[in-house]
Amino acid sequence: MDTAALITDLAGRPPWGDGPPPFAPLGALMFCLLLIAAAAAAFVLIRRRGGGPPPWVSGPRPAPPEYEARRTLADRFARGDITVEEFMERASALNWNPGHNDGRK
């Protein structure tokens, strides 16, 4: 059975008569406007992110530079290059309170 046979009524004519319904062009116009709005929204969102790849593609983000500075400071203290006072002074300059959770795992 073909498509035309499925949409005909018992009299053998389509339910809308001899032509398409009068609101068909309006529906097509609304659909086109919806597609344009969706494309514009996607463009704006991509531009706001900086245009890079999505987070699930780019992988883990690099650690902020202060984490590297904290690690370097801790390594210098562990080697004995600096004293406790120097370590605490420099840690406070980094806004770091050693021994507390710094938010990283």
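Residue by residue through segment 4-43, note down the ones that are outside any loop (DSSP other than H, G, I, E, B) and either of a type in the set (S, T, Y) or modelled with pLDDT under 85 (or both).
Our first condition is that a residue be outside any loop (DSSP other than H, G, I, E, B); within segment 4-43, this holds for 4-6, 24-43.
Result: A4, A5, L6, A24, P25.
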Residue ID - surrounded by the most Cβ atoms within 10 Å (Cβ to Cβ), chosen from residues in segment 79-105 that are of a type outside the set (V, I, T), at pLDDT 85 or above and over 13 Å from A69 (Cα atoms): M88
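The values are calculated or read from the model by the stated rules, or taken from the named source; none is laboratory data. Values in this document were obtained by computation on a predicted structure and should not be read as measured data. Note that we place each Cβ from the backbone using ideal geometry, even for glycine, and neighbour counts take in every protein chain shown.
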